[in-house]
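To start, the structure itself, in structure tokens.
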Amino acid sequence: MKLDTILKRLEVDDEGGSIPNRWMNTDIKPVEAGRRTWGFWTFHNFWILINSNISTYMTGSSLIANGLTWWQAIVAIVVGNLLVVVFVVLNSLPGAYYHLGFPVVNRYVWGLYGSQFVLWNRILLSLVWYAFQAWIGGECIYVCLQAIWPSLETRIPNHMPPSTGMTTANFVSYIVFTVISLPMIYIKPHKLQIFFYVSAAIILIFEIVVLIWSLATMGERGFGDTMSDKNDGYSGWNIAFGIVSTIGGIAAGILNQNDYARFAKRPRDAILGQLISCPMYAIACSVIGILVTAATQERYGEALWNLPDLLGAVIRQGGSRSRTAAFFGGAALAISQIGVNVPGNALSGGFDLAATFPKYINLRRGAYITALLSVVCNPWKLVNTATTFLSVLSSYSVFLGPMIGIMIASYLVVHRRRIKVEDLFPMQSPRDSIYWYSYGVNWRAAIAWICGTTPSLPGFIASVNTSFTVPVGLTHLYYICFLTGFTISAAVYCILHYVFPVSEAQRFVDSAGPVKVLIRAYREEWDGGAEEVEGVVGVRDGKV
């Protein structure tokens, strides 16, 4: 069979009137009215799932392990999540108003080809995070199986070498969770509302029940060392690092929030839904993690930060009723892990891969590829050093903060919220697009990103490689890497566009007219059906 024939068969189907090509398929084009189904409560429930999971629950453990007391950790969590919601809302505005996803937004920021740099960074994070969350989900399945068969490890003989850090039963549980997740990946984002409602309700009920249980049964034993001030050496820099670590834990989600905001029925649904739900449930889940761990520490002889470990202790020290409770607890956590992993990682990777190879990969193919390739990350190795892993991955905000700063500055300041959408999907030569810049790359974005990243690199390297020492000033700069990188890159990006303006893009911004009129014209054209060329908008200079 000839290569051309094989490639032809691999092309994605022609859906919704859009013919897949180098720049577009149905899953990455602007979302028309029929797929704009996310209302306020959808965004509200989405953020319950994103922020009410085991990783968020363990935030306190990583902060306390870094030297903060319980109250300092709570301060860092609260301040960090209040800053997170500001970045989330600002960076989701292009999606909420223009219904454009993260990969397409970066075409006007970095250039048609330059945007691939940001996409591949996000694809890498999707793979790693999916692997990590799937393994945690497998731990939840392990709890369920252990609740049914306390002698699980003898029922499933171990054939794994000690170097893997897992048993055969652990691996089987991981496979079971992965298989259970696959049907949910098939569901398109605009049809996820029912799943969001059910899973959000389940995880909220579980969190309330486990909090009440831990506090009500604590007795006179108290909270133990977790809630003591034994490390109470006040350090503003340590708290600052805790704040930035909190932001870093969700930085990948901030980066691509347009992928979900684009499905909003109305812009205010996305804005208000995120504004309320995003910080509230992240703070609540993290604080519950600290309280439950402290309340159960004396009972089980150690601080069990990981919820599956806590449920495992309940099984070992309890009777049939405790095993039943642990089973339902493990099932609730497994649903929670599916709720965060499918939309937050599988679909994110799917969107980015669909934008990278739109002619051959759609959202579903990309999401399943993400799930498949995640196994290469050896998640069992990542989870064995969970606190270290989360700290390192949070430190990746050294690179993500500047990217987010550039995106927000590009939309609000440089382009003044006026986007020529059809030039993001060039039908003819991409060189005719006003976002072609220089050979398809906006060098201003590259320089701005380097300027925002470089100051924090010495401290980042020192945090990963403890044998590498840097001056204390550079360490402190690294402690606030997200904020400094965001600010420096945003400022440099704006300055470079002011000093070296892009004439074609600037003419469009100056002549496009009022933003509301421009957006309304685009929406009417998208919702008009297949009459428009290739399903893409047709607003041109001078029309509005």
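All told, residue 322 meets the bar of being of a type in the set (Ser, Thr, Tyr), in a helix (DSSP H, G or I) and farther than 26 Å from residue 134 by Cβ. Residues that are of a type outside the set (Ser, Thr, Tyr), surrounded by fewer than 17 Cβ atoms within 10 Å (Cβ to Cβ) and in a helix (DSSP H, G or I) within region 478-503 comprise 491, 495, 499, listed in sequence order. In this entry, residue 74 passes the filter for residues that are of a type in the set (Val, Ile, Thr) and assigned to a helix (DSSP H, G or I). Looking only at residues in region 174-197 that are in contact (Cβ under 8 Å) with a residue 24 or more places away in the chain and exposed (fewer than 13 other Cβ atoms within 10 Å of the Cβ), the one that is nearest to residue 380 (Cα to Cα) is 186. The one condition from (1) surrounded by 22 or more Cβ atoms within 10 Å (Cβ to Cβ); (2) farther than 25 Å from residue 279 by Cβ; (3) out of contact with any strand residue (DSSP E or B) (no Cβ under 8 Å at 6 or more places or on another chain) that residue 24 does not meet is (3). Against the conditions (1) at pLDDT 90 or above; (2) surrounded by 16 or more Cβ atoms within 10 Å (Cβ to Cβ), residue 463 satisfies every one except (1). With respect to the conditions (1) surrounded by fewer than 16 Cβ atoms within 10 Å (Cβ to Cβ); (2) assigned to a loop (DSSP other than H, G, I, E, B), residue 163 lacks only one, and its number is (2).
The rows are residues; the columns are (1) part of a helix (DSSP H, G or I); (2) at pLDDT 90 or above; (3) surrounded by fewer than 24 Cβ atoms within 10 Å (Cβ to Cβ); (4) at negative phi.
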| site | (1), (2), (3), (4) |
| --- | --- |
| 231 | no, no, yes, yes |
| 237 | yes, no, yes, yes |
| 269 | yes, yes, yes, yes |
| 275 | yes, yes, yes, yes |
| 280 | yes, yes, yes, yes |
| 284 | yes, yes, yes, yes |
| 291 | yes, yes, yes, yes |
| 302 | no, no, yes, yes |
| 313 | yes, yes, yes, yes |
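For region 34-51, the criterion of being among the charged types (D, E, K, R), at pLDDT 90 or above, out of contact with any Cys (no Cβ under 9 Å at 6 or more places or on another chain) and not in a helix (DSSP H, G or I) is satisfied by at least one residue. Going residue by residue through region 126-137, is there one that turns out to be touching a residue at least 60 places away in the same chain (Cβ under 8 Å), in contact with a Ser or Thr (Cβ under 8 Å, 6 or more places away or on another chain) and under 30 Å from residue 438 (Cα atoms)? The answer is yes; a qualifying residue exists. Screening the candidates 200, 147, 169 for the property of being outside any loop (DSSP other than H, G, I, E, B), more than 27 Å from the chain's Cα centre (by Cα) and touching a residue at least 40 places away in the same chain (Cβ under 8 Å) yields one hit, 147. Residues that are within 28 Å of residue 213 (Cα to Cα), part of a helix (DSSP H, G or I) and either among the hydrophobic types (A, V, I, L, M, F, W, C) or in contact with a Cys (Cβ under 8 Å, 6 or more places away or on another chain) (or both) do not occur anywhere in region 254-264.
Criterion applied to 507, 520 was being loosely packed, with under 13 Cβ neighbours inside 10 Å, modelled with pLDDT of 90 or more and assigned to a helix (DSSP H, G or I), and the one residue passing it is 520.
Here residue 105 qualifies as closer than 22 Å to residue 399 by Cβ, crowded, with 24+ Cβ neighbours inside 10 Å and touching a Pro at 6+ places or on another chain (Cβ under 6 Å). Assess whether residue 119 counts as being surrounded by fewer than 24 Cβ atoms within 10 Å (Cβ to Cβ), in contact with an Asp or Glu (Cβ under 8 Å, 6 or more places away or on another chain), part of a helix (DSSP H, G or I) and not polar (S, T, N, Q). For residue 119, the condition - surrounded by fewer than 24 Cβ atoms within 10 Å (Cβ to Cβ), in contact with an Asp or Glu (Cβ under 8 Å, 6 or more places away or on another chain), part of a helix (DSSP H, G or I) and not polar (S, T, N, Q) - is met.
When residue 342 is tested against the conditions (1) touching a Leu at 6+ places or on another chain (Cβ under 6 Å); (2) at pLDDT 90 or above, the lone failure is (1).
The values are calculated or read from the model by the stated rules, or taken from the named source; none is laboratory data. As the structure is a computational prediction, the values presented were derived from the model and not from experiment. Glycine gets a Cβ as well: all are built from the backbone with ideal geometry, and neighbour counts include every protein chain shown.
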